[in-house]
Structure formats: structure tokens, C-alpha cells
Amino acid sequence: MRLVLFGPPGCGKGTQAQFLGGEFNIPHLSTGDMLREAVAMGTEIGLRAKDLMEAGALVPDEVVVGIISERLDRDDCVNGFILDGFPRTVAQADALDNLLTDKGLKLDRVIEIQVSDELLIQRISGRFSCLDCGFGYHDRFKQPEREGVCDICGANRFTRRKDDNEATIRERFNTYNAQTTPLLPYYRSKDLLAPVDGMPGIEEVTAEIRGILNIS
Ligand code: AMP
């Protein structure tokens, strides 16, 4: 299964990708996570990406295409993958198409998670994740079962993203509307786009995605 999860910041792509990755036993590939790791490690890519990410702007296409190209060559992608946050421009989508065509592969589905602007802000402003395993939580919608302890790995250290502040969130929305929404007609014309209502709770959205992918 080769999937793209598509939608604005805060729509729930990462949360749904966690479930889908487990379901199909395929990796969840988030360019945002990969870039944050590069920033934390102070690599050359990280140094190039840091200021752009903090400003809510996009990292250059050739940087993210290079990262994804390398990642898709790894063994764990043979049965498929879930892309989260990539592609984000038409140039990236064309590059992905070329990468897959070279391998004799194609995408199965692009799932678009639709959420209102107000809910996006609420979701982004309350989110945090486990510092050790990266599992995602939310102040209002999804607290760990035991306060201060990660449900998945038992760690007790959590982190909040630096770009989850009001000014940067606004800029990330502008960037999404200007540079990423042109991908909707792009994938619609290829008959790959499947819209999902992302407004209900996590389980309901998961159920809708299961229906689209024919998971019983
Ligand atoms: P995300 O975690 O997907 O919200 O991404 C966080 C930030 O990383 C974005 O605001 C961009 O600055 C950068 N980023 C992630 N994915 C891409 C991409 N495909 N193209 C360009 N920039 C990206």
C-alpha cells in the first residue's frame, strides 16, 4: 500500500499515519519529523531547514525530494509506505511520480483530511509528543492514560514543537493555501484523491479511512 496523507497542518495526518503504519506494517514517512531530526542533530540539511521551518515557510523542493528519494530506497519500503507532509508542492509531486515510475511503482491513494480552520488552531495549539518515542498527545483531546507517562513507551519526558505558536501557525496556513492546495486538482485529475471528514474524533476518522481502503 503506497499512500499519501494530505491536509493542512493540524488535520490529523500524523495520528492517522500511526494507525495505518501499524495496520499495514509499512513505515510512516513524515518529512517534518525527518527535518526536525536533522535540525536537532545539526546536520547540513538541518542548518538549511531550521530558519525556514521556524518561519512557517517551505524547505526547498530539492532538499525534501533528496530526503524522500533516499528513504524510499530502504528495504522497509518494499511493501509500501505512508507519506505525511510530502509532497507539498506540484514540483514535489512530479518528482515523486518520477521516483516511483523509475521503480515501476505508483501511488494507491491520496487521502485528504478536511478540517475547519477553527478546529485546526485548537488542535495545533494543544499538541505535544513523547520525547522518547514521538507518540502524539493533546491537552484536550488525547492525554496519556496515566498523567505524565507515555502510553506507548512509559517515558516521562514530553515536547512541544517550536513552530506550534500562533504567528508561525498562521504563516503555515498561508503557505499551505498558496503552495500545497494546488495538489488537490493535481491528484483529483489522476483519480487518486479520496476526501475524508476530519472533524469527528480520531476513531471515527480512522473508520472512514478504513472504509476507503477496504480494511475490514
Ligand atoms: P510538518 O511536521 O509536516 O508540519 O512540517 C514542519 C515544517 O517542515 C513545515 O512547516 C516546513 O517548513 C517543513 N517541511 C516539512 N515537509 C516539507 C515538504 N514536503 N516540503 C517543504 N518543507 C517541508
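The values are calculated or read from the model by the stated rules, or taken from the named source; none is laboratory data. Quick caveat, the model's predicted, so the values are computed rather than measured. Don't worry about glycine lacking a Cβ; one is built from the backbone with ideal geometry, like all the others, and counts go over all protein chains shown. The area values use the complete protein model at the heavy-atom level, side chains included, leaving out ligands, DNA and RNA. Shrake-Rupley method; radii C 1.70, N 1.55, O 1.52, S 1.80 Å.
Some values worked out for this structure:
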{"read-out": "In the range 42-79, residue farthest from R161 (Cα to Cα) [restricted to those that are assigned to a helix (DSSP H, G or I) and away from the ligand (no atom under 15 Å from the Cβ)]", "value": "D75"}
{"read-out": "Residue satisfying all of: in the range 108-150; under 17 Å from the mean Cα position of the chain (by Cα) and of a type in the set (K, R); modelled with the lowest pLDDT among these", "value": "R123"}
{"read-out": "Selected residue [out of contact with any Ser or Thr (no Cβ under 7 Å at 6 or more places or on another chain) and in contact (Cβ under 8 Å) with a residue 12 or more places away in the chain] from D164, D151, D191", "value": "D151"}
{"read-out": "Of all residues making up the range 23-43, the number that are surrounded by 20 or more Cβ atoms within 10 Å (Cβ to Cβ) and in contact (Cβ under 8 Å) with a residue 60 or more places away in the chain", "value": "1"}
{"read-out": "C153, sole failed condition from (1) closer than 30 Å to K190 by Cα; (2) open to solvent by 20 Å² or more (accessible area, probe 1.4 Å); (3) modelled with pLDDT of 95 or more", "value": "(1)"}
{"read-out": "Contacts under 7 angstrom Cβ, first residue in the range 196-216 being within 13 Å of L3 (Cβ to Cβ), partner of a type in the set (G, A, S) and open to solvent by less than 60 Å² (accessible area, probe 1.4 Å), 6 or more apart", "value": "I212/A194"}
{"read-out": "Pair list, Cβ < 6 Å and 6+ apart or interchain, from the range 120-146 residues that are in contact (Cβ under 8 Å) with a residue 60 or more places away in the chain to residues that are open to solvent by 60 Å² or more (accessible area, probe 1.4 Å)", "value": "F135/I152"}
